[in-house]
Amino acid sequence: FPVTIANDTWLVQQYWSDHYKFIVECNQLIYFADSLKLTDQPSVINVAEAKFFRAYAYFDLVRTFGEVPLNLIASSGFGSGNIPKSSIDAIYTQIDSDLAFASEHLPGKSYWETNYPGRLTNAAANTLAAKTKLYRRDWAGALARSEAVIVSAEYALYNSYYRDWE
């Protein structure tokens with residue numbers, strides 16, 4: 001669980017502010033796509049990627065600090081930083097929601113393979129969701145998300161691992 005860290009350490013401040021800057025950027029993308037009512041496939045994929053990254057950032061923060069402010073507002077202006085801490089359960093609820101959206105709307109590996117290898121896929125969202133569930137000891141949920149990746153048959157274990165050492 002979270003460790004007590006002095007808040008005057010510059011590295012901790014940088015870690016905190018970098019994560020929240022990233023979250024604000026994700027929130028802005030989601031807000032603008034929603035406000036413009038963008039429903040074309042590339043826009044929906046962009047929103048799914050933003051929600052994946054927002055979930056990833058909150059997962060880092062909740063593991064490091066425990067209760068943190070849950071900011072879902074696009075603005076980074078005055079007042080947007082004055083948000084009370086949310087419970088760990090509330091943060092994980094948002095993480096689950098973001099990853100469910102990402103899992104549903106991100107394409108599979110074959111969609112990116114030709115031009116953009118390494119881009120986010122629905123398997124990446126399911127894998128991160130499984131990891132978040134493992135941290136909460138939700139064994140059945142972690143198994144379900146892991147099995148979704150396995151049955152997709154888009155990924156496999158490297159068969160010749162031992163040969164790399166020869």
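Sort out which residues of the range 113-128 are in contact (Cβ under 8 Å) with a residue 40 or more places away in the chain and more than 15 Å from GLU154 (Cβ to Cβ), and write them in order of number.
Across the range 113-128, the qualifying residue is only LEU128.
With touching a Phe, Trp or Tyr at 6+ places or on another chain (Cβ under 7 Å), at pLDDT below 95 and among the hydrophobic types (A, V, I, L, M, F, W, C) as the only criterion, which of LEU120, LEU72, LEU128 stands out?
None of the others qualify; the one that does is LEU120.
List the pairs whose first member sits in the range 84-112 and is closer than 14 Å to LEU128 by Cα and of a type in the set (Ser, Thr, Tyr), whose second member is open to solvent by 60 Å² or more (accessible area, probe 1.4 Å) and assigned to a helix (DSSP H, G or I), and whose Cβ atoms are under 9 Å apart, counting only residues at least 6 apart or on separate chains?
Close Cβ pairs satisfying both conditions: TYR92/TYR135.
Anything in the range 88-113 that is part of a helix (DSSP H, G or I) and open to solvent by 50 Å² or more (accessible area, probe 1.4 Å)? List them, or say none.
ILE88, ASP89, THR93, SER97, PHE101, GLU104, HIS105, LYS109, SER110, TYR111
The values are calculated or read from the model by the stated rules, or taken from the named source; none is laboratory data. Everything quoted here is computed from the prediction, not taken from an experiment. As a convention, Cβ positions derive from the backbone with ideal geometry for all residues, glycine included, and neighbour counts pool all protein chains shown. Surface accessibility is based on the protein's heavy atoms, side chains included, excluding ligands, DNA and RNA. Shrake-Rupley method; radii C 1.70, N 1.55, O 1.52, S 1.80 Å.
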